Amino acid sequence: MNQFLEISDQVKAALDSKQPVIALESTIISHGMPYPQNVETALACEAVAREHGAQPATIAVIGGKLCAGLTRDQIEYLGKTGAAMRKASRRDLPYLIATKQDGATTVAATMIIAHMAGIGIFATGGVGGVHRGAETSMDISADLEELATTPVAVVCAGAKSILDLGLTLEYLETKGIPVVGYKTDVLPAFYTNESDFKVPIRANSVEEIARMIQAQQALAYPGGMLITNPIPQQYAMPAQRINHAISQALTEADEQGVKGKDVTPFLLARVVDLTGGDSLKSNIQLVFNNVALAARIATAMADY
Ligand code: PSU
Ligand code: MN
C-alpha cells in the first residue's frame, strides 16, 4: 500500500471482504456548498450509500495523509472551514503531503486516491470540464485528464452549463472516455435534463453499466468512465431560469477577473444566491441520486 494512503477501518474491512465500496469527494463539501448544508449533505450521502448496499469512502487530504474514509468530525471540519480549505487537485497532492497540510479533493484528486485504495467507482454532483471561453482562457478542468488516465468510473449529473457542454463532450471523445447516459439519450445538464447534446452511449440498466466497467477494467488500458445520471424530474429547475442565473454569474466572474481554481466555486456560489437557494436544493438532490446509482452499480459489480 502507498505510504501516504490512510484507509479507515470500515473501508478497509469492506475492501478486504470484497463488499461494494464507493468513493465520495470533498471539494463539494468545502467549496461546492455553503455550511451547514454541505456537512448535512456529506453525512446524508454516506447514509444513502449504505442504504443501497455500499460502504462509503469519503476522500480528503488530512495532515498530508491521503485519507479514504473520514470520521464525522473530519467531515464537519471540512465543511466548517469551507473556502479557507485548500482545493486539492492532482497538482496539489505532492505539496500537501510534503507540508503535512489538509485539502479538499476535487474529482481528479479523489479519483487518484480512490484508485490507490482499490475503489473503482465514485459518485459526485458535477465534474469539471471545458469552460465557456476556453478558446481564450484555456480553462479545462484537470478532471478530464484524470478521466483519461485513471481507471475509476465517475457518476455525475452531467455537466453544468457554467461549462461549454459541446466542447466538454468533444474533449471526452478525443480522450476516448466512455460517456454513458443512464436511461437517457440526452446529456443531462446538472440542474436540468434539457440540453442540446446527446450522450454517446446509453445504458438501460445498472447491470449493463457494471458489465461495461468490468469490461473496461479487463481491457486494462488507462482511463475511467463518465456515467451521467439525470436529476429526478421533481427536483429539476426550469432550464430558462437556471440558464439565466448562470449567464449572470458568468458575466460577474468575467467582470471581477475570477481565474483558475476559483472559477467553479465562484460560479456555484453565485448561482445559489441568484436562485434564492433553489439551485442548492436541486444540487443536493442530484448528489443523493448519484450516490444511490453508484452504490447500486458497485453492488452489481460485486455480484459477478
Ligand atoms: N461541480 C459542482 N460542484 C463541485 C465541483 C464541480 O457542481 O463541487 C467541484 C468538483 O470537486 C470538481 C471541481 O472536481 O469542482 C472542478 O474544479 P475545476 O473546474 O477548477 O477543475
Ligand atoms: Mn479550471
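Nothing in this text is a laboratory measurement; each read-out follows from the coordinates by a stated rule. Source: prediction; values computed, not measured. For neighbour counting, all protein chains shown are included, and Cβ atoms are generated from backbone atoms with ideal geometry for every residue, glycine included.
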Nearest-5 percent of antiparallel DSSP beta bridges in the chain? 30
Sum of side-chain charges, E252 neighbourhood, beta-carbon under 13 Å (Lys, Arg +1; Asp, Glu -1): -3
Using the alpha carbon gyration tensor of the stretch 1-123, what are the three equivalent-ellipsoid semi-axes (square root of 5 times each eigenvalue), largest first, in whole Å? 20, 18, 11
With the chain reduced to its Cα atoms and the Debye formula applied, log10 I(q)/I(0) at q = 0.10 1/Å amounts to -0.48
Environment charge at G126 (Cβ cut-off 11 Å; Lys +1, Arg +1, Asp -1, Glu -1): -1
Working from the alpha-carbon coordinates of the stretch 148-279, get Rg over Rh, Rh being the Kirkwood radius. 1.01
Long-range amide H partners of K198, meaning residues 5 or more apart or on another chain whose placed amide H is closer than 5 Å, are L187
Which percent of Cα-Cα pairs in the stretch 90-193 sits in each 10 Å bin, short to long? 14, 44, 32, 9, 1
Pick from R90, R241, R202 the residue whose mean-square fluctuation is largest in a GNM of the chain, springs joining Cα atoms under 10 Å. R241
Is there a quick way to get the dipole size of the stretch 54-96? I mean about its Cα centre, with the Cβ of Lys and Arg at +1 and of Asp and Glu at -1; what is the value in debye to the nearest 20? 160
Work through the residues other than M116 whose Cβ is under 14 Å from its Cβ and net out their charges, Lys, Arg +1 and Asp, Glu -1. +1
Hey, what number do you get for the chain at 222 nm if only DSSP H runs of n ≥ 4 count, each worth -39500 (n - 2.57), divided across all residues, to the nearest 500? -14500 deg cm²/dmol
